[in-house]
């Protein structure tokens, strides 16, 4: 009997170490079990941890190191709850505690002890945290701020004669004009990320992301105890196609994105949930904007698509959307050119065209007495999927093109290009991304509908400015067959031009 108990305990430890390496998130198929929370019996997902289980019944548990898509570390101790055990109700961390049928759980709603324990942990986290909130990029979305308000704001017991102490990398230590011991400001980790060591709370989310998700362990915890700090390996830089994800998951203002740093207060930004049309996976994103300007692109969590991750390439769209825009065009002249063309017309739909744009140009082609033929896609090659937020296929809406029976292989089009007397490109930057492949189209009369005044627009006989996909509302079908909705961002440029679909409708009326 004793041997059986020992073996069961060993199996339990193995189960815990394997099962809780990555948290199991509740799904529609999660088995429900009955537990008692604050004296009331509730049904919760039985295959997850207490943070997720309590969330399922509307109880938010403060946390800092826990993240649903990162391995559990349990080192911030903010998610304390009381759980029944052999010695009665005892404090434990919710992130690392699995749900079991019949368990009893107490939150601050019924246990003052839990509330006081959380406050004590928070006080330790704040004792040497700098008072940078007025200048911190994370202010307004900082989890440390949120937890402080949730726990009930309280006065600091820090001795002002002692002041806050810096415990980061000794090489970055300094003394400010007030004699305050400080350091670790604007530490250059790499080409895209800067670190503020004073603000770091050693949650090690960034370390776990680079190690387990990015698969390239470029960050590590250095030193020990209260002197622990985040660092790269000696002589190395943080440089990875997903390195800016560490700025998303950092719960405080330690990891900062150089491209966004000090540009705009987050509470002054409006978030638009949309889809990244630079890849056929269709990563879910937020476009954060204010006063007609898009300031940043951040990931929007979708368990079926990109989870909480977004590539640097998708984010870089925001740095180009307001550059070299094409804001003019003559739609009646375009209609006249189409009417005067007696031969065949090729309409090439770009990689980022929505289902609505595809339908509008299919309708337009139907009014040309079968002279117009639709093609779609890109000259850019299909690359390998990265398993995070990119499928490798640059034609975002390829599934929709194929559903509508449109050839999405532009190489096949280039082989018969000489048969056409007029080329209409729709958000297809052929000469910008693949000038050698596009050279075969140089001698064809060309109408370009483009958001940018780039090489494709300059090659055209007539160029008309249209909205960028960030500014478009519509539908796309990703490479997994999921239908996803775009919501356009109201930029200053979007107010000056029409969508490609609207221009197609105008051309249909004019011809």
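Take each peptide in 349-362, 159-172, 278-291, 317-330, count the other Cβ atoms within 10 Å of every residue, and average; sorted highest first, the result is 349-362, 278-291, 317-330, 159-172. Relative contact order for the stretch 331-510: 25 percent, from Cα pairs under 8 Å spaced at least 6 residues apart, divided by residue count.
Note on the stretch 331-510: antiparallel DSSP beta bridges, both residues inside, total approximately 15 percent of the bridges counted. Computed on the stretch 354-455, with alpha-carbon pairs under 8 angstrom and 6+ residues apart, the relative contact order is 24 percent.
Per the Cα gyration tensor, the stretch 331-510 maps to an equivalent ellipsoid with semi-axes of 24, 19, 16 Å, ordered largest to smallest.
May I ask you to order 137-143, 62-68 by the average number of other C-beta atoms within 10 Å around their residues, highest value first?
Put in order of decreasing packing, that is 62-68, 137-143.
Measuring nothing but how far apart in sequence close Cα pairs (under 8 Å, 6+ apart) lie, relative to its length, the chain scores a relative contact order of 11 percent. Between helix 112-126 and the chain there is an angle of about 70 degrees, using the helix long axis and the longest principal axis of the Cα atoms. Roughly how far apart, in whole Å, are the Cα centres of the stretch 223-253 and the stretch 303-363? What the calculation gives is 38 Å, centre to centre. Among 507, 25, sorting on how many other beta-carbon atoms sit within 10 Å of each Cβ, with the fewest leading, yields 25, 507.
Which angle from 0 to 90°, rounded to the nearest 10, does the C-alpha axis of helix 2-19 make with the longest principal axis of the chain? Orientation of helix 2-19: about 40 degrees from the principal axis. Measuring max minus min along each principal axis, the C-alpha atoms of the stretch 401-453 give extents of 31, 25, 19 Å (largest first). Expressed as a fraction of 2.2 N^0.38 Å, the C-alpha radius of gyration for the stretch 21-124 is 1.00. D by Stokes-Einstein for the stretch 111-218, Kirkwood Rh over Cα pairs, 25 °C, 0.890 mPa s: 154 µm²/s. The candidate values are [x] 64, 57, 50; [y] 89, 64, 39; [z] 80, 54, 41; the one derived from this structure for Cα extents along the principal axes in Å carries the label [y]. Take each peptide in 124-133, 461-470, count the other Cβ atoms within 10 Å of every residue, and average; sorted highest first, the result is 461-470, 124-133.
How much of the DSSP bridge set in the chain is antiparallel, in percent, rounded to the nearest 5? Taking every DSSP beta bridge within the chain, about 65 percent pair in antiparallel fashion.
No lab work stands behind these numbers, since they all come straight from the coordinates. This one's a predicted model, so the numbers in the text were calculated from it and none came from an experiment. Here Cβ is always computed from backbone atoms with ideal geometry, including for glycine, and neighbour counts include all displayed protein chains.
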